[in-house]
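See below for the structure under consideration.
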Amino acid sequence: MQATDMPFLVLTRQGYDDLVARIRPAGARLRLNPGIASDDELARLRAAGAEVEVLPASLSPDRWGEVDAFLDASDGALWVERAASQSSPPIQEEVPAARAPAAGRREALRERLADTGGSFARQALRRLRVPGLGRQLMLIPYQGFGNARTLWIKGRVLDEAAFREQTQDDSGWRNLVALYRRLEADEVPGARVTAHFQGRSYEAITDDGGYFTFEIAADPPLPGGAHRVALALPDARAPGGGPVTGVAEALVPAASARFGIISDIDDTVLWTNVTNKLNMALMLARTNAHTRKPFKGVAAFYRALRDGAGGNEANPVFYVSSSPWHLYGPLVDFMRLQGIPLGPLLLREIGLRDVFKLTKHGNHKLEKIELILRFYPDMQFVLIGDSGERDPEIYAEILRRHPGSVRMIYIRNVNPDPARIEALDRLIEETSTKGAQLILAPDSVFAASHAAAEGLIQVDRLGAVRQDKREDEGKPPAG
């Protein structure tokens, strides 16, 4: 569990042990009852980067009045450890209007209260809902995929208000706030999720990040197309009193599909400058799905690949990215707005503090491509990426492991460094010895021209890719 900008008020030793076992000390802000931690323990926390304050007098977790008075006197919001007690007033009690302005502060705090019996930290990120504030559990299904016999479904459970829709008129500040809300949304671990399909029920439990996954057996076998799986949180209640529900769609490729497409997103479909984390952060904060720009000609090229040389092949498109699942909605919105073919997105499970870290993401992409190939062992794939990070090396490794599954590799050249070009030349040579091609393409028109010559797309679609590139060049810059 990551730390939060709000201080933690820790009242008992049990709460202290549970909290320090689950948070990262660096950046954490703790207010502790005196005597619940030794001087050595406090010194270790401070040495690890935590801000620790010991209260001048003890607050009893069994005496709500004492804690209540402390909250009224405190500046700002606190995560609060509160013991379950018969004498404690209800969490969702009405606060008399006469107690303003303290009442307003108290109501904001109640929204963040952790109702615990020693399991403080595990519950702290599950914000309790106060009447009128509109908070409720969110069941977020992601687009899945599968074959005639098995469907793969993934989703997440969050405890957060619904995200506001963004528009092309949003300011940089509103974009920044929307991005932060997505990254900061509270995951709900340990939630029970049920799936219902073809008259059978399945159950999963969310992990520490709030994620759940199903592999659902199909009988009878499924035809090509989108198949809907009903999801529910049987232990949660929607505002109307019924269970929280949702629907996941899983794509089964059509019988007409001749090959599949697996594409990176960052610096392949969408300019993010992922090799420069600061610039990437600024771009995400300044723009949204309406104002970000795709690489020139990408939309028409991907539509041509989806349709294939036959014009209506319905070749499936998968997107594998190191972007976090927090950005799933904005990425889908971006693709829809730009006319880029939609398909399952396989993103990365990371916390807020890890989003912009300079870490290697190769294992994530390799594992997700392996997952896709496991579902389609008899299908060949066109792999598309960029030279900025490790896409060429990852795709070369896939070719080594599954030589019959790779039809073509297109790499957008975004790194002019001579050493990088030399490394790519070696991979091009290695790829050719295994019966495939690795094409280093400066833009989508070049890649589309090669794809047409190889019989992957219709030749008459080249005009649309060129036109798409010209239209993209005429759009104003993002930001």
What is segment 393-457 by shape, rounded, prolate or oblate, if you read a ≥ b ≥ c off the alpha carbon gyration tensor as root eigenvalues and call it rounded for a/c under 1.5, prolate for a/b larger than b/c, and oblate otherwise?
oblate
Given 0.36 nm per residue, what is the gain on full extension from residue 459 to residue 400 after removing their alpha carbon distance, in nm?
18.2 nm
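Each reported figure results from applying straightforward, stated rules to the coordinates on display, with no laboratory input. Please read these numbers as outputs of a predicted model, since none were measured by experiment.
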